[in-house]
Amino acid sequence: MQLARIHHLLQVAILLAVMVLSIWLIGDVLMVVFAATLIAVILHNLAAMVERRTRLPYWLALSLVVVVLLAAIGGLGWSSGPAIAEQATRLRIALTTQAHSLRGQLNASTMGRTVLDYLPQSLGGNQAGGGDNGMGSRIAGSMTGVLSSAFGAAGTLAVILIAGLYFALSPALYVNGLLRLIPPGHRPAARTLLLVAGRTLWAWTAGQALDMLVVGILSGVGLWFIGVPLALALGVVAGMANFIPYIGAFIGAVPAILLGLSQGTREGLLVMALYAAIQFFEGNVMAPLIQRHAVQMPPGLTILSQTVFGTILGLPGLVLASPLTAALLAMMDRATPPLDEEDRV
């Protein structure tokens, strides 16, 4: 019995070691695979909804979904694309100007220079970067990735979309191929966990899409009402940034606050109050309604997962940390028995 326990512990330790080493060495490739899987889950569930409502064959329902999505994106680009592109260009110029102005104001005071001395140059500070042999350089090197260096961002996005489309076209083919790699005795449990992960990813994505839409509309309308320039572009930025829970709220608010301060202290304070009200509404009204039908994730674990994946895998890890964590939590919840009442804290 002791030998059996040791053998089991060695198996678990080897499996964990292989997983950690794989994430470290080919993390960028794994993120591309996961992103393609997320796209496939979205397309598959949309096609399944169309299939149930219209009685069309699955391949035809999927084709209809893809055509509608492409038409919607093309229509949005045709109608609002020039305005959004123009405002995005003006937003970049305005933010660059504001950043230089803020740096000059900080340099004019002793406290400001102290703050800049402790900030790296990549964030506008005075601190020089470290040598090439530091841990940060090694992590940054691992973030580059084979796909990013070979294809660039546009090529990687194309790979994700094409792979996701093929995954959605024949999902059973790829899932069954993955199950064949698992020992026969564990295949029923693995099948159940994969189905749970797929349902969780769809629920998380649907809920987050609704959340992004509401935050983007409220931000754009509120900024327009305050009189902040480039309200359309700032609303789009706020909605897109909200794909990353918690951290995305700050990322989306910073450009609007900087532009608000450029108009005056009153406008800057109004923008801060606007984003605080939107996040209060999102966290206390929208999130409970969405989580009732979608996925409930502990905030502390969400932020911790974003920190870990973002540090190891860079921006892709930060963006995909939340859906990945949601799927892992759902799989662990199904794979492990619930606690007895006397075992609870």
Review point. Along the principal axes of its C-alpha atoms, what lengths does the range 188-335 span, in descending order and rounded to whole Å?
Key: 62, 32, 22
Review point. What is the magnitude of the charge dipole of the range 188-335 about its Cα centre, with +1 placed on the Cβ of each Lys and Arg, -1 on the Cβ of each Asp and Glu, and no other charges, expressed in debye to the nearest 20?
Key: 300 debye
Practice item. Order these peptides, 10-19, 313-322, by their mean beta-carbon neighbour count within 10 angstrom, highest first. Key: 313-322, 10-19
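None of the figures in this text is laboratory data; all of them are computed from the coordinates on show. On a predicted model such as this, the values are computed, not experimentally measured, just so you know. When we count neighbours, we look across all protein chains shown, and the Cβ atoms used for this are built from the backbone with ideal geometry, even at glycine.
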